[in-house]
Amino acid sequence: MRILVCIKQVPDTNEVKIDPKTNTLMREGVPSIINHDDKAAIEAALAIKESHDAEVIVMTMGPPQADYALREALAMGVDRVILLSSRAFAGADTWATSLTLAGAIRNMPAVDLIFCGRQAIDGDTAQVGPELAEHLDLPQVTYVQKIKSLSHNSIVVERGLEHGYEIVESSLPVVLTTVKELNVPRYPSMRGIVDAFDCNEVEVWNEKKVTVPVDQLGLDGSPTKVIRTFTPPAKSPGKVLEGINAREKAQRLALHLQQKNLI
Amino acid sequence: MSIVILNDKCTACGTCVDSCPFGAIDLQNEAARINDNICTGCNACVSACAFEAIINPETKEEKPEAQTAVYHGVWVFAEQREGHIMNIALELLGEGRKLADDLGVPLSALLLGHQIENKTEQLFSQGADSVYVLDNELLKEYRTESYAAAFVQAVKTYRPDIVLIGATNIGRDLAPRVACRLHTGLTADCTELAIDPEIKLLMQTRPAFGGNIMATITCPNHRPQMATVRPGVMKKLQQPADSSKGKKILVPFDTSKVNIRTTVREIVQAAGKIVNLEEAQIIVSGGRGLGQKEGFALIEEAAVALGGVVGASRAAVDAGWIPHSHQVGQTGKTVSPKLYIACGISGAIQHQAGMSKSGTIVAINKNPDAPIFQLADFGVVGDLYQVLPALIEEIRALQNLAHQA
């Protein structure tokens, strides 16, 4: 069995703060991490590798420094990593990104399972997984929160819903998008870390290695265009209620709420 | 793809350095310089520059191609589960009505399911001029492949200009599949939609970079223009519309080429009560400041006293104190109650993204510097374990007075 995991290196958006004076992003020291949902996808693939003797390939599209995320995946125990990186890929929206990933997948040996994280914490679109499935004409199951069983030609998973879940069976190959609640990703071993940064190769593929017309890549190939970005306007802060103790403050608050007909 | 800085116009003011979400710009030799390895071409610096010193040669003033003109009308996907129209569909009709009126075009709903024809009345009264119905046994329960096939057939036949879909666990599964097959753009989780009065394009504004910045996105040369919107973001019509003129259009569903490779074996409802945060008028939320799981008993007590429901921050959910279904924020629910009381929640930007549209916001927090106070209409600096019980008592006293009066 061969498993492909698509991951994204993202800035840890929880670490981003807004400068209250200038109302702009403070980026100093914001670390780059493997997106949480994607790390759950790597762990799921590695668990299957252990139980079903599979080869695990991890692929990402990104700038040269995304190499670091792939080495982290190697250290966790995956077999092969591929970095799709080229100026031609830059500025891609989800349509062009998924098309590029699909083009790369066509140029590798056939895979049985494709895992993607449900969504990235920097973009939050959750679109690349389903669009990848569409480009490859494969079935998809999104919001996978549990893998119940796997055979050589089918898989049964739990797909999360707003108030519960559904149990879905799919034929293979299939695209699954995972949520971080699926598992607890392993830590890389010391040996894994040393090997990943010393020995193992990161293959870098550019536009010549993916089967996609050049005009459909990157910004040019993207149907959507970002025309403006801005920092949300800061609201003027309201009133901090004074009082000698908690009771007095609570009384004032209750009166304010009553005046607004909220009580 | 390359952003260009015109050195003769650049004053090295540094505005672009701050505007770049990716840290790709620095100042060197009295001018800004872009690191092409980091730049994603997002254009944030282009709009930030006050001196027109930054240009993106690849952003042409793009005129919609001729074929986009044949696309006409605004569509809303009327998501239903077990025959019940989801509230998000009605919210989208409210928003779609405004967009359709701005464009002077009809508003339609797309209804997919089995034995659901009787649901059209509700859609008419919520603003739809017409409803396209695909009624087929294959559409009884949601499956990606049957729904995507039906959706695409309807769009290809009737060519709407704009399609709005709810960002539910079903909508977010379906919309990208449909957009991709139609080779068009899709903008996720929009918080604001508007029609540009000159070029008539749909301006889609959404949070990006984890909610730290907002981006306005268009889809100039592909149709339809597709967007998803999370539940609770848009408003239903205030007054029901006249439903007597609504037009029902039954659309045949050609199932011959539909290849369904997944089977839903079972649908399991979560135990416990369903929390309907999106429609709640009053929400009392607890966060990390509660310190322990048991703190939610106090939050619940306050919520009950006010006739509201319990929300939570991600920190409280991650700590295992309360199920994810209560989470408010970027990775939880978007809410807009009349009253939102945040207790022990510092107010990270991700939390704000889910609750900043609330009518009145109250913050109770020990830390006077917590960002939540920037957003709150009323702030109480103090220990929530002292403030909240006192507040509950006050609320009950005021309610009793009101009863006696």
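The values are calculated or read from the model by the stated rules, or taken from the named source; none is laboratory data. Only a predicted model underlies this, so the values are computations on that prediction, with no experimental measurement involved. Positions of Cβ are generated from backbone atoms using ideal geometry, with glycine treated the same way; all protein chains shown enter the neighbour counts.
Summary of computed values
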item	result
Exclusive hit being assigned to a helix (DSSP H, G or I) and touching a Leu at 6+ places or on another chain (Cβ under 6 Å), set B:Ala100, B:Ala89, B:Ala149	B:Ala100
Failed item in (1) crowded, with 18+ Cβ neighbours inside 10 Å; (2) farther than 15 Å from B:Ile283 by Cβ; (3) in contact (Cβ under 8 Å) with a residue 24 or more places away in the chain, with B:Pro323 passing the rest	(1)
Scope the stretch A:180-224; condition among the acidic types (Asp, Glu) and touching a strand residue (DSSP E or B) at 6+ places or on another chain (Cβ under 7 Å); matching residues	A:Glu181, A:Glu203
Matching residues, the stretch B:128-146, being in a strand (DSSP E or B) and of a type outside the set (Asp, Glu)	B:Ser130, B:Val131, B:Tyr132, B:Val133, B:Leu134
Given (1) over 19 Å from B:Gly332 (Cα atoms); (2) surrounded by fewer than 18 Cβ atoms within 10 Å (Cβ to Cβ), number of the condition A:Val141 does not satisfy	(2)
All positions within the stretch B:198-209 that are surrounded by fewer than 23 Cβ atoms within 10 Å (Cβ to Cβ) and free of Cβ contacts under 8 Å to residues at least 24 places away in the same chain	B:Glu198, B:Met203, B:Thr205
Any hit, the stretch A:14-31, residues being within 14 Å of another protein chain (Cβ to nearest Cβ), modelled with pLDDT under 95 and under 23 Å from A:Tyr143 (Cβ atoms)	yes
Qualifying residue in the stretch B:242-255 (condition: out of contact with any Lys or Arg (no Cβ under 6 Å at 6 or more places or on another chain), closer than 30 Å to B:Lys333 by Cα and either facing another protein chain (nearest Cβ under 7 Å) or among the hydrophobic types (A, V, I, L, M, F, W, C) (or both))	no
Residue check for A:Asp215: surrounded by fewer than 17 Cβ atoms within 10 Å (Cβ to Cβ) and in contact (Cβ under 8 Å) with a residue 40 or more places away in the chain	no
Test: B:Gln350 is surrounded by 24 or more Cβ atoms within 10 Å (Cβ to Cβ) and under 23 Å from the mean Cα position of the chain (by Cα)	no
Residue in the stretch A:117-134 that is at the interface with chain B (Cβ under 10 Å from one of its Cβ atoms), surrounded by 21 or more Cβ atoms within 10 Å (Cβ to Cβ), without any contact (Cβ under 8 Å) to a residue 40 or more places away in the chain and over 17 Å from the mean Cα position of the chain (by Cα) present	yes
Filtered residue count, the stretch B:166-195, keeping only those that are at the interface with chain A (Cβ under 7 Å from one of its Cβ atoms), in contact with a Ser or Thr (Cβ under 8 Å, 6 or more places away or on another chain) and in a helix (DSSP H, G or I)	5
Complete set of residues in the stretch B:268-288 that are in contact with a Cys (Cβ under 9 Å, 6 or more places away or on another chain) and either assigned to a loop (DSSP other than H, G, I, E, B) or within 14 Å of chain A (Cβ to nearest Cβ) (or both)	B:Val284, B:Gly287
Within the stretch A:221-259, tally of residues that are more than 7 Å from chain B (Cβ to nearest Cβ) and not aliphatic (A, V, I, L, M)	10
Options A:Val174, A:Val240, A:Val202, A:Val184; residue that is under 30 Å from A:Leu74 (Cβ atoms) and loosely packed, with under 15 Cβ neighbours inside 10 Å	A:Val184
Single condition B:Ile170 does not satisfy, out of (1) among the β-branched types (Val, Ile, Thr); (2) touching a helix residue (DSSP H, G or I) at 6+ places or on another chain (Cβ under 6 Å); (3) closer than 30 Å to B:Asn118 by Cα	(2)
Residue count for the stretch B:1-21, restricted to those that are assigned to a loop (DSSP other than H, G, I, E, B) and surrounded by fewer than 18 Cβ atoms within 10 Å (Cβ to Cβ)	9
